[in-house]
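The values are calculated or read from the model by the stated rules, or taken from the named source; none is laboratory data. Because the structure is a prediction, the values reported are computed rather than measured. Neighbour counts are summed over all protein chains in view; Cβ atoms, including those assigned to glycine, are modelled from backbone coordinates with ideal geometry. Side chains included, ligands, DNA and RNA excluded: accessible areas come from the protein's heavy atoms. Shrake-Rupley method; radii C 1.70, N 1.55, O 1.52, S 1.80 Å.
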Amino acid sequence: MSVVLALSLGACGSLSIERRTETSGTFESTGWAVTIFSIDIPKSSKDIARENASDSRLTNLRIDVNRTTPYLGWFDWLLDIVGVRYTKISGTWGFPDEKK
C-alpha cells in the first residue's frame with residue numbers, strides 16, 4: 001500500500017517542443033496518474049498531458065496522436081480499482097512556411 005501512496009504523490013507530466021521552422025514545429029506531452037477506486041490522483045493522465053500542452057501557449061496547436069496505456073478494452077474497469085495510467089499526446093503547432 002505504501003508503494004501506491006508513493007506513486008500517487010509523484011504523479012507528473014512532461015513536455016517536449018521542437019521547432020521545425022521559424023513559426024512551426026512539433027510537440028510531445030506526457031502525463032501519468034494513479035487510479036484508486038475510480039478516483040484519478042491527482043487527475044486523469046489525459047488531462048495532465050493536455051494541460052501541459054495547453055500551458056505551453058503554442059499557437060495553432062493540433063493533436064495528431066493521443067495514446068493512453070494500458071488499455072484493456074472491455075476489461076479496462078479492472079484498472080479503475082487500482083492502476084497506473086500513462087498518456088502521450090503529440091502533434092504540430094504554428095503555421096508552416098508557405099514559401100516555395
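Things to note:
- Selection from region 21-61 of residues that are more than 14 Å from the chain's Cα centre (by Cα), closer than 24 Å to residue 97 by Cβ and touching a residue at least 40 places away in the same chain (Cβ under 8 Å): 21, 22, 23, 24, 25, 26, 58
- Checking each residue in region 45-72 for being open to solvent by 30 Å² or more (accessible area, probe 1.4 Å) and among the polar types (S, T, N, Q) picks out 52, 54, 56, 59, 60, 66, 68, 69.
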